[in-house]
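Everything on this sheet refers to the single structure shown next.
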Amino acid sequence: MQSYIKIKFKLKCIIGILDFERKKKQKIIIKIKAKSDEFLDYAQVLKFVKANYKEQKFYTLEQSLEFISLKLKENFSSLNFIKISVFKPKIIKEARVGASLKKNFKT
């Protein structure tokens, strides 16, 4: 059996390299697709990711994706694939700024 989850949510956190981004939380949108050969509790994955984004203060979107993907694998060992995207919807009015990361943990 393969477990597959797809999650999309918004939250506010400290993320960015500019002075104003280090002081005030900004809204981000996170999309997660994950697969596992065992049951993958989407509620626990969501809770875990939200807690880490709120607790950490990332400088770049890419840094946040690397950190979260590794922490997810540590905490959900049956995870064999993950794709995470994070966007800053309000940073530039005319653009959608974001980054994505795919990891295949299956060997």
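The values are calculated or read from the model by the stated rules, or taken from the named source; none is laboratory data. Just so you know, these numbers come straight off a predicted model, no measurement behind them. Every residue, glycine as well, gets a Cβ built from its backbone with ideal geometry; the counts of neighbours run over all protein chains shown. Just so you know, the surface numbers come from the protein's heavy atoms only, side chains and all, with ligands and any DNA or RNA stripped out. Shrake-Rupley method; radii C 1.70, N 1.55, O 1.52, S 1.80 Å.
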Matching option when the condition is surrounded by 12 or more Cβ atoms within 10 Å (Cβ to Cβ) and modelled with pLDDT under 95, among V97, V49 = V97
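Can you give me the number of residues within region 62-86 that are within 15 Å of K25 (Cβ to Cβ) and of a type outside the set (V, I, T)?
1
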message = I'm checking my understanding of the structure. Among residues of region 43-64 that are polar (S, T, N, Q) and under 17 Å from F9 (Cβ atoms), which one is nearest to the chain's Cα centre (by Cα)?
response = S64
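So that you can scan it fast, the table gives a plain yes or no per residue for (1) open to solvent by less than 80 Å² (accessible area, probe 1.4 Å); (2) in a strand (DSSP E or B); (3) at pLDDT 95 or above:
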position	(1), (2), (3)
S69	yes, no, yes
F81	yes, yes, yes
S85	yes, yes, yes
K106	no, no, no
inquiry  = Can you find a residue that is touching a residue at least 12 places away in the same chain (Cβ under 8 Å), closer than 24 Å to I17 by Cα and not charged (D, E, K, R) anywhere in region 75-85?
reply    = yes
message = Need pairs with beta-carbon distance below 6 Å; first residue assigned to a strand (DSSP E or B) and within region 35-62, second of a type in the set (G, A, S); sequence gap 6+ or separate chains.
response = S36/S3; S36/S78; F58/S64
